[in-house]
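Asks: Before anything else, here's the structure in question.
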Amino acid sequence: MEFIGSKIKIVQYKADYREALEQFELTERQMIYSSLPKEVLDEGLMDPNRRPCVVLNHDDEVVGFFVLHQHYQHDGYDTPINAVYVRSLSINNKLQGHGYGTEIMMNIPEFVQSVFPDFDHLFLVVDAENQAAWNLYERAGFLHLATNPEGPIGKERLYYLDLDADYVSKLRLIKDEDNIRLEKDGKYVGVIEYEIKDKTANITAFKIEEDKEIIKQNVLRQIATFMRRNFEDVEQIVVDASNDDINLYLNNNFVAMDAENEHILTKLIKY
C-alpha cells in the first residue's frame, strides 16, 4: 500500500529503509513527545497489529515515520476496540520546515483506509503542551475528544477522526480582510462571514457553493485552530444554528450554553 502526494509518498516499512531510519534525527525537545523510529521499529515489526510506515519525499529521502496500531487501547481512554491509532509520529529534524508534516496529516486518513479498509475509527494522543502538533491535527480534521491530566509524561489530549465520514483533506481556511475564504484543492468554494466582539467570534453566515454540508462539516473541524492562529484574544466561537442541522455542530464540540436558546451554540477554543 502507498499514498503519493504533492510532496510525499507514504509506504509501509521494508528493510531497504532501515539504514535511513537508524540515522533519523530528532531534537531533545522532540524526543520528549515522540520516540526515534529505531526505538520502536522492531517492536512494531514483531506485532501483527502494528504497521510501521515510512514517509519519503520525491527525492526518496526518509522525512517521516509513524506506526499504525489496530485494536490498540491507550491508557486512560475508553475507545472502540475496532480502531486504529497513529503512534510514534515524527518528522526527521534534518528535513523539517518543508511542509511535510502538514501533508502527512492531511492524507493519513486516505492511507489508513487503504491499509485497514474495515476500520472506521482513527485516534491519536498528543502531549497537551505540544500545541504546534495538536493545532496541525485539528487543521487536518481531527476532533479533540478528551484530555487526560495524568498521562505518562503529563497532561495529554485524545484526538479522533471518523474514517467513515465525508472528509475533505484539501480544504483551506484563508483570512481575508473581513471574512474567511474557503478553498478546496486551490479552488474557491465559499466564504464564512463573522464578527469579533470582545473575546467572542460570532459566525454570521456560511456561503458555500458546492457540497454544502460536507464543506461545512470540515470547516467546523478546523475552525478552532484557525481562530487561535489568527485572533489571539478570541476564546470562543458562537453561531446561531436555527436554520441548520444542529447535530453538525454538536458533533464538533459546540454546545448550547443557554437552555432557553438551544439554537445558539458555543465552542470554547482556549483550554
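Asks: Sorted by mean Cβ packing within 10 Å, highest first, what order do the peptides 253-262, 4-13 take? All intermediate terms of the calculation are to be shown ahead of the outcome.
Replies: On the way: 253-262: 12.5, 4-13: 16.5.
Descending mean neighbour count gives 4-13, 253-262.
Asks: Which cross-chain or sequence-distant (5 or more) residues have an amide H under 5 Å from the amide H of Glu209, H modelled 1.01 Å from N in plane?
Replies: When sequence neighbours closer than 5 places are left aside, the close amide H contacts are Gly190.
Asks: What whole-number value in cubic angstrom gives the convex hull volume per residue for the C-alpha atoms of segment 30-81?
Replies: 112 Å³
Asks: A follow-up question, please. So how do Lys197, Lys207, Lys267 rank on accessible area, 1.4 Å probe, biggest first, that is with the largest at the start?
Replies: Per-residue accessible area, sorted high to low, gives Lys197, Lys207, Lys267.
Asks: With θ set to phi - 60°, apply the Karplus curve 6.51 cos²θ - 1.76 cosθ + 1.60 along segment 61-67 and write out the HN-Hα couplings as whole Hz, x wherever there is a Gly or Pro.
Replies: Once rounded to whole Hz, the list reads 7, 7, 9, x, 8, 7, 10.
Asks: In segment 1-49, which GluC sites (Glu not before Pro) fall in coil by DSSP and have 14 or fewer other Cβ atoms within 10 Å?
Replies: Sites meeting the loop and neighbour criteria: Glu25, Glu28.
Asks: May I ask for the net charge around Phe231, where only other residues with Cβ less than 12 Å from the Cβ of Phe231 are counted and Lys, Arg are +1 while Asp, Glu are -1? List each step's numbers first, then the result.
Replies: On the way: positive: Lys175, Lys197, Lys199, Arg228, Arg229, Lys270; negative: Glu195, Asp198, Glu232, Asp233, Glu235.
Charge balance near Phe231 sits at +1.
Asks: Now for a separate question. What whole number of Å gives the distance from the Cα centroid of segment 117-193 to the Cα centroid of segment 69-105?
Replies: 13 Å
Asks: How high is the FRET efficiency from Lys14 to Lys94, r the C-beta distance, R0 25 Å, rounded to 0.05?
Replies: The value I calculate is 0.70.
Asks: For the pairs Lys197/Lys270; Lys155/Lys267; Lys9/Lys216; Lys184/Lys216; Lys175/Lys207; Lys184/Lys212, note any where the Cα-Cα span goes beyond 18 Å. Please list the in-between numbers first.
Replies: Values: Lys197/Lys270 16 Å; Lys155/Lys267 21 Å; Lys9/Lys216 29 Å; Lys184/Lys216 12 Å; Lys175/Lys207 15 Å; Lys184/Lys212 12 Å.
With Cα atoms farther than 18 Å apart: Lys155/Lys267; Lys9/Lys216.
Asks: How much accessible area per residue does the chain have, counting only protein heavy atoms and a probe of 1.4 Å, in square angstrom?
Replies: 51 Å²
Asks: Decide, for segment 101-177, between rounded, prolate and oblate: order the square roots of the alpha carbon gyration tensor eigenvalues as a ≥ b ≥ c, take rounded if a/c falls under 1.5, and otherwise choose prolate if a/b is larger than b/c, else oblate.
Replies: In terms of gyration-tensor shape, oblate.
Asks: Please compute the contact order of segment 174-271 in relative form: average sequence separation of alpha-carbon pairs under 8 Å and at least six residues apart, divided by the residue count, as a percent.
Replies: 21 percent
Asks: Hey, with R₀ at 51 Å, roughly what FRET efficiency would Glu22 and Lys207 work out to, going by the Cβ-Cβ distance, to 0.05?
Replies: For Glu22 and Lys207, the calculated efficiency is 0.50.
Asks: Please state the shape class of segment 133-271: rounded when a/c is under 1.5, otherwise prolate if a/b exceeds b/c and oblate if not, all from the C-alpha gyration tensor.
Replies: rounded
Asks: For segment 189-261, what does the alpha-carbon gyration tensor say about shape, rounded, prolate or oblate, given a ≥ b ≥ c as the root eigenvalues, a/c under 1.5 as rounded, and a/b over b/c as prolate?
Replies: oblate
Asks: Let me ask something else about it. Expressed as a whole percentage, what fraction of the accessible surface of segment 1-135 belongs to carbon and sulfur atoms when a 1.4 Å probe is rolled over the protein heavy atoms?
Replies: For segment 1-135, the apolar C and S fraction of the accessible surface comes to 45 percent.
The values are calculated or read from the model by the stated rules, or taken from the named source; none is laboratory data. Nothing here was measured: the structure is a model prediction, and the numbers come from that model. Quick reminder, even Gly has a Cβ in these numbers, built from the backbone with ideal geometry, and neighbours come from all protein chains shown. Heads up: the accessible areas ignore ligands, DNA and RNA and are worked out on the full protein's heavy atoms, side chains in. Shrake-Rupley method; radii C 1.70, N 1.55, O 1.52, S 1.80 Å.
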